[in-house]
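First the structure, in the form of structure tokens, and then the observations on it.
The values are calculated or read from the model by the stated rules, or taken from the named source; none is laboratory data. Predicted, not measured: the structure shown is a model, and the values here were computed from it. Reconstructed Cβ throughout: ideal geometry from the backbone, glycine too, with neighbour counts over all protein chains shown. Surface areas here come from the heavy atoms of the whole protein model, side chains and all, with no ligands, DNA or RNA. Shrake-Rupley method; radii C 1.70, N 1.55, O 1.52, S 1.80 Å.
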Amino acid sequence: MGITQEMVDLTATTALEHFTATIASQLLVNNHIQELMSDETMKTMWLWHAIEENEHKAVAYDVFEGVFGKGIKSYLLRTGSLVAAMAILFCVQSYFVFRLLKQDKQLNRAALKDIYTYAYSPSKGIITGMAREMIMYFKPGFHPNHHDTDALLEKWKLKLGF
């Protein structure tokens, strides 16, 4: 059986759903990122969206397992697609960040330091904060619901009045 576009689409969706659920979890626990959101309406919208992303974090994965099963081939497909998706996303995102900084005449040490702090610093970085949960995807037998976010989601629903 050859690789079809549908197979590629499903594996990419599964990988990117894990990424979006992970970044959403980080948004709900990373005080530094929350403090950067100064517009309360937009902050509420982003926090609601983070809740919503975590509520459906297993849907694409369950479809993936239904189609590909749980064997070694599906494991290699699943993990390989995450590596490919993250590499592509990193390259595309980096290209556009540098392009926009250059266009706005902001490609300088201070802007790059801010990006580092926002994304990669050990204590505040959103990407750094995602590392443990992203690595969970490589565990044989992984399932998105093994990372329990129910209490976190309930806390934020209550806090936001949902």
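Looking only at helices (runs of 4 or more DSSP H) that lie completely in the stretch 1-111, which have at least 2 residues being modelled with pLDDT of 95 or more?
Numbers: elements: 5-29, 31-36, 40-55, 59-68, 72-103.
Correct list: 5-29, 40-55, 59-68, 72-103.
State which residue is surrounded by the fewest Cβ atoms within 10 Å (Cβ to Cβ) when the search covers only the stretch 40-62 and only residues that are touching a Phe, Trp or Tyr at 6+ places or on another chain (Cβ under 9 Å) and among the aliphatic types (A, V, I, L, M). Outline the logic, then answer.
Step one: filter the stretch 40-62 for residues touching a Phe, Trp or Tyr at 6+ places or on another chain (Cβ under 9 Å), giving 47-48, 50-51, 61.
Among the residues that remain, those that are also among the aliphatic types (A, V, I, L, M) are: 47, 50-51.
Working: Leu47: 20, Ala50: 23, Ile51: 22.
The residue in question is Leu47.
Residues that are part of a helix (DSSP H, G or I), open to solvent by less than 40 Å² (accessible area, probe 1.4 Å) and aromatic (Phe, Trp, Tyr) within the stretch 118-162 comprise Tyr137, Trp156, listed in sequence order.
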